[in-house]
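A.B. asks: Provided herewith is a single structure, encoded as structure tokens, for subsequent inquiry.
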Amino acid sequence: MHHMTLAEIARGLADKKFSSEELTQVLLARIAQLDPKLNSFISLTPELALSQAKAADARRANGEGGALLGAPIAHKDLFCTQGIRTSCGSKMLDNFKAPYDATVVAKLAAAGAVTLGKTNMDEFAMGSANESSYYGAVKNPWNLEHVPGGSSGGSAAAVAARLLPAATATDTGGSIRQPAAFTNLTGLKPTYGRVSRWGMIAYASSLDQGGPLARTAEDCAILLQGMAGFDPNDSTSIDEPVPDYSASLNGSLQGLRIGVPKEYFGAGLDPRIADLIHNSIKELEKLGAVIKEISLPNMQHAIPAYYVIAPAEASSNLSRFDGVRFGHRCENPENLIDLYKRSRGEGFGAEVQRRIMVGAYALSAGYYDAYYLKAQKIRRLVKNDFMAAFNEVDIILGPTTPNPAWKLGAKNSDPVAAYLEDVYTITANLAGLPGLSMPAGFVDGLPVGVQLLAPYFQEGRLLNVAHQYQLNTDWHTRTPTGF
Ligand code: GLN
């Protein structure tokens, strides 16, 4: 039962082959048995799950339908869930029970999805390895000595290990696409503004975007359908009609113009990954796509710009966690300053403290122009590169990551080495564009992802290309041994 995709579950439930309650019991048992190896969950919500499953079964018995009605999922632990711990992977929020549901959580619950629990993540979504969580590192089911990617590593490891079919995640600089690549999943970061950020604990507000992690493009379409849409509670949410994503899957790729940036294949890319990307290009050519070399000349400046803008926004967003308004409070403070210092010093981990310091520095009076303003100008150049490219092509294709998943601990002493791994993903966030990563093969037994980028609001095009690719390849069907 645990091998079923969301689409298969929807068909099984509609045909009364099993109930949502039965499926939920099976998956809860599987999580209890296997998650100790992975550490992919921070909180489990079996009582909520079983009551939601029963309610979904009752709705079906009353003639209701829908692909998410009775479908088991989990939420990354930065989506607020009413009455349930919402920790953001941090000691700071270890005791925080959200007083309301995030829009994404409420929409999926209304569609009938069943919440099995809250998944592990890098603290405040800062990281690329899921090693900065207060609740411990997550392991990659493909090799337990390797990281699953981050910051949505818990959602990715759980779905890859068949503990559940799909999960929500968020992507500020790659945190949906990179863990998808590292665990052989399909993950989609929507256009900025497509999915409400209301109730999603902010890391960098101008970059953060929620989206689906699943095994197939077909399942990403189902989950995105339940997440997307205008939300008056989020001032950056865009009032644009939500298309039927599942209906977009079957379009022909005949004549589709795919741009391959020459900058993507420079030094730093594992040549074995380059080979796999070229194989996936050939596969898409067989389906009728036309390949064109393009250039994204400002790509080399994207990492430094991102690692100024994201920490700058984080330093501002995280100022609310001061032990007074929100978050962990130290014992017996001597005075107000002592309260702030010790609450924040004890509540935040090392990586979060590093980002707050970098961000506060970049925003400070003497350095604002030199760092923050400069980074914003680079952001515009990166966006302009994409706008020019999309005048010539329909999709941009390349690797999701320069290397496969590294060993646990391998980059802990050198944060910049980890930042450099984000080279292919962060440009989409800087420009606000949608991007998708899908399975493209293996290197040393570890999964590799191919990334597709599209113009604003063309999530349907990304899902279409990925689905057609998945109808003609079987990388996405591979299962990690032991799971
Ligand atoms: N690895 C990037 C960072 O650490 C992206 C994280 C994310 O997308 N949340 O900032």
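Read the figures in this text as sums done on the coordinates, not as results from a lab. Quantities reported herein were computed from a predicted structural model and do not represent experimental measurements. Cβ sites come from the backbone with ideal geometry, for glycine too, and all protein chains shown count toward neighbours.
A.B. asks: If Lys and Arg each add +1 and Asp and Glu each add -1, what is the summed charge of the other residues whose beta carbon sits under 15 Å from the beta carbon of Lys341? Write out the running numbers ahead of the final one.
C.D. replies: Values: positive: Arg329, Arg342, Arg344; negative: Asp322, Glu331, Glu334, Asp338, Glu346.
For residues surrounding Lys341, the net value is -2.
A.B. asks: Using a cut-off of 10 Å between beta-carbons, work out the net charge of the residues near Thr191 (Lys and Arg +1, Asp and Glu -1, Thr191 not included). Before the final figure, lay out the partial values.
C.D. replies: Working: positive: Lys189, Arg194; negative: Glu240, Glu459.
Once all neighbours under 10 Å are counted, the net charge is 0.
A.B. asks: Taking the mean number of other Cβ atoms within 10 Å as a proxy for protection, how do you rank 443-456, 155-168 from highest to lowest?
C.D. replies: 155-168, 443-456
A.B. asks: What does the charge count near Lys411 come to, summing +1 for each Lys or Arg and -1 for each Asp or Glu among other residues with Cβ under 10 Å from its Cβ?
C.D. replies: Combined, the nearby Lys, Arg, Asp and Glu give -2.
A.B. asks: Of the peptides 7-14, 335-342, how do they stack up when ordered by the mean number of other Cβ atoms within 10 Å, highest first?
C.D. replies: 7-14, 335-342
A.B. asks: In whole Hz, with x marking every Gly and Pro, tabulate ³J(HN,Hα) for region 432-439 from phi via Karplus 6.51 cos²θ - 1.76 cosθ + 1.60, θ = phi - 60°.
C.D. replies: Those phi angles translate into x, 7, x, x, 9, 10, 9, x Hz.
A.B. asks: For the peptides 420-428, 60-68, what is the packing order when you average, over each peptide's residues, the other Cβ atoms within 10 Å and list the highest mean first?
C.D. replies: 420-428, 60-68
A.B. asks: Still on this model: What does the helix-only formula give at 222 nm for the chain: each DSSP H stretch with n ≥ 4 adding -39500 (n - 2.57), the total divided by the residues, and the result rounded to the nearest 500 deg cm²/dmol? Spell out each step's value before the answer.
C.D. replies: Details: 15 runs with 178 residues, N = 483.
After summing the helix terms and dividing by residue count, I get -11500 deg cm²/dmol.
A.B. asks: Compute the distance from the alpha-carbon center of region 284-354 to that of region 407-428, in whole Å.
C.D. replies: Their Cα centres are 14 Å away from one another.
A.B. asks: Which loop-located GluC sites (Glu not before Pro) does region 324-406 contain, where loop means any DSSP state but H, G, I, E or B and the Cβ has at most 14 other Cβ atoms within 10 Å?
C.D. replies: Here the sparse-neighbourhood loop sites are Glu331, Glu334, Glu392.
A.B. asks: Report the charge-dipole magnitude of the chain in Debye, nearest 20, computed about the Cα centre from +1 at each Lys and Arg Cβ and -1 at each Asp and Glu Cβ.
C.D. replies: 140
A.B. asks: Rounded to the nearest Å, what's the spacing between the alpha carbon centres of region 18-32 and region 81-145? Just the number, please.
C.D. replies: Computed from Cα coordinates, the inter-centre distance equals 20 Å.
A.B. asks: What residues qualify as long-range amide H neighbours of His146, i.e. H under 5 Å apart, gap of 5 or more or another chain, H built at 1.01 Å from N?
C.D. replies: The list, which skips near neighbours in sequence, is Asn140, Leu408.
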